[in-house]
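The values are calculated or read from the model by the stated rules, or taken from the named source; none is laboratory data. Just so it is clear, the structure is predicted and the values come from calculations on it, not from any experiment. Because the Cβ atoms are built from the backbone with ideal geometry, glycine has one as well, and the counts that use them run over all protein chains shown.
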Amino acid sequence: ELQALVRKVATRVLGGYKSTAYCNNSLRGKVYSDIQHQLKREFGVERYEAIKRSQLGQAKEILSSYKAPLILVQEIQLENRQIAI
């Protein structure tokens, strides 16, 4: 359930499935990694399974309000400005 929301948030941050940033595997991986690390850092866990069911709502709120770090935002904007060849 959380992983599906992580994918949804990452897709939104990258600009959608058809964006050039989404098609860039390296950049997409950085975004997924940052989102996952943020969630694990907030709860102090190593794995998603360690997040208690009672904290699921809070985890969803954290994911919904996720903002990418400035460096990632700049990379995404730069990538999305490029014209696909």
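Summed over segment 21-37, the residues that are of a type in the set (S, T, N, Q), surrounded by 14 or more Cβ atoms within 10 Å (Cβ to Cβ) and under 14 Å from Arg7 (Cα atoms) give a count of 1. For segment 55-68, the tally of residues that are part of a helix (DSSP H, G or I), out of contact with any helix residue (DSSP H, G or I) (no Cβ under 6 Å at 6 or more places or on another chain) and without any contact (Cβ under 8 Å) to a residue 40 or more places away in the chain stands at 4.
Table: residues versus (1) outside any helix (DSSP H, G or I); (2) at pLDDT 95 or above.
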{"site": "Ala4", "(1), (2)": "no, no"}
{"site": "Val9", "(1), (2)": "no, yes"}
{"site": "Arg12", "(1), (2)": "no, yes"}
{"site": "Gly29", "(1), (2)": "no, yes"}
{"site": "Tyr32", "(1), (2)": "no, yes"}
{"site": "Leu39", "(1), (2)": "no, no"}
{"site": "Val45", "(1), (2)": "yes, no"}
{"site": "Glu49", "(1), (2)": "no, no"}
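Total residues in segment 74-85 satisfying the condition of being among the aliphatic types (A, V, I, L, M), under 18 Å from Gly29 (Cβ atoms) and either in contact (Cβ under 8 Å) with a residue 24 or more places away in the chain or not in a helix (DSSP H, G or I) (or both): the figure is 1.
Of all residues in segment 41-54, those that are surrounded by 10 or more Cβ atoms within 10 Å (Cβ to Cβ), within 17 Å of Ala4 (Cβ to Cβ) and without any contact (Cβ under 8 Å) to a residue 12 or more places away in the chain total 0. Among the residues making up segment 61-85, those that are of a type outside the set (Asp, Glu) and more than 16 Å from the chain's Cα centre (by Cα) are Leu78, Asn80, Arg81, Gln82, Ile83, Ala84, Ile85. Taking first residues from segment 1-21 that are small (Gly, Ala, Ser) and partners that are not in a helix (DSSP H, G or I), the Cβ contacts under 6 Å between residues at least 6 apart in sequence or on separate chains come to Ala21/Gly15.
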